[in-house]
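A.B. asks: The structure follows.
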Amino acid sequence: MHRIRELRREEHCEAIRIYQQAVLSCDQELYTEAQREAWASQGSSIRIQLQRGHALASEQDDGRIVAFALRDPRQRLALLYCHPRAQRHGHGRALIEAVEAQAARDALLELQTEASLISTPLLLKLGWRIRWREELLIRGVSFERFNLSKGLKPILS
């Protein structure tokens with residue numbers, strides 16, 4: 001069982017470190033070194049998103065965070081990152097399910113995201129659907145990602 005909780009403001013720096021470590025350790029068959037470095041350089045924009053959005057964390061037994069997810073704005077899963085040592089242990093799945101449950105409690109009918117080549121397979125397993133493939137530039141470096149969505153059934157209170 002994963003402990004999911006609100007990400008605290010004083011943990012934003014740790015979340016950015018997790019983000020950078022996750023990106024820099026990406027599979028070299030999926031992302032080139034130039035892509036990983038350009039992507040990892042976006043720490044300041046991550047800080048702004050964390051301050052503006054609603055973030056959840058997955059923590060270890062000692063209370064330290066190993067993964068986080070962010071909704072920003074309410075109907076968009078904006079970030080999902082896991083420390084390399086904690087990947088493939090269910091933290092991403094637990095965070096996505098928690099974000100979906102929150103959004104359903106908020107009476108949202110759908111969530112959307114732009115997903116990397118890394119997170120798209122997990123999202124598809126959890127019932128998300130690809131709407132389209134898109135390309136973007138980060139610091140002049142081209143990336144491929146997918147725009148996905150998932151319909152939700154609001155939880156009545």
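A.B. asks: Which one, ASP27, ASP61, ASP72, has the greatest fluctuation when you compute a Gaussian network model over the chain with C-alpha springs under 10 angstrom?
C.D. replies: Its mean-square fluctuation being the largest, the pick is ASP61.
A.B. asks: Choose one of ALA86, SER45, LEU123: the residue whose Cα lies farthest towards the positive end of the charge dipole of segment 3-151 (beta-carbon charges +1 Lys, Arg; -1 Asp, Glu; about the Cα centre).
C.D. replies: LEU123
A.B. asks: Follow-up question, since we're still on this one. Can you tell me which of SER142, SER119, SER41 moves the most in a GNM of the chain? Springs connect C-alpha atoms under 10 Å apart.
C.D. replies: Among SER142, SER119, SER41, the largest mean-square fluctuation in the Gaussian network model of the chain belongs to SER142.
A.B. asks: For segment 2-41, give the magnitude of the charge dipole about the Cα centre (Cβ charges: +1 Lys/Arg, -1 Asp/Glu; no others), in debye to the nearest 20.
C.D. replies: Charge dipole of segment 2-41: 280 debye, to the nearest 20.
A.B. asks: Rounded to the nearest 0.05, what FRET efficiency do GLU6 and ASN147 give with R0 = 25 Å and r taken as the Cβ-Cβ distance? Could you check?
C.D. replies: Values: r = 27 Å, r/R0 = 1.08.
After rounding, the FRET efficiency stands at 0.40.
A.B. asks: Hey, another quick one. Please report THR113, THR32, THR120 as a ranked list, fewest other C-beta atoms within 10 angstrom at the top and most at the bottom.
C.D. replies: THR32, THR120, THR113
A.B. asks: List the GluC sites (Glu not before Pro) within segment 6-98 that DSSP assigns to loop and that have no more than 10 neighbouring Cβ atoms inside 10 Å.
C.D. replies: GLU29
A.B. asks: Shifting gears a bit: With +1 assigned to the C-beta of every Lys and Arg and -1 to the C-beta of every Asp and Glu, and no other charges, what is the dipole magnitude of the chain about the Cα centre in debye, to the nearest 20?
C.D. replies: My answer is approximately 380 debye.
A.B. asks: So if R0 is 35 Å, what FRET efficiency would ARG64 and LEU137 give, r being the distance between their Cβ atoms, rounded to the nearest 0.05?
C.D. replies: 0.55
A.B. asks: Within segment 124-157, whose backbone N sits under 15 Å from a point 7 Å along Cα→Cβ of GLU110?
C.D. replies: 128-133, 147-154
A.B. asks: Viscosity 0.692 mPa s, temperature 37 °C: Stokes-Einstein D of segment 3-151 from its Kirkwood Cα radius, in µm² per second?
C.D. replies: 212
Values in this text are rule-based calculations from the coordinates and carry no lab data. Everything quoted here is computed from the prediction, not taken from an experiment. Cβ: placed from backbone, ideal geometry, glycine included. Neighbour counts: every protein chain shown.
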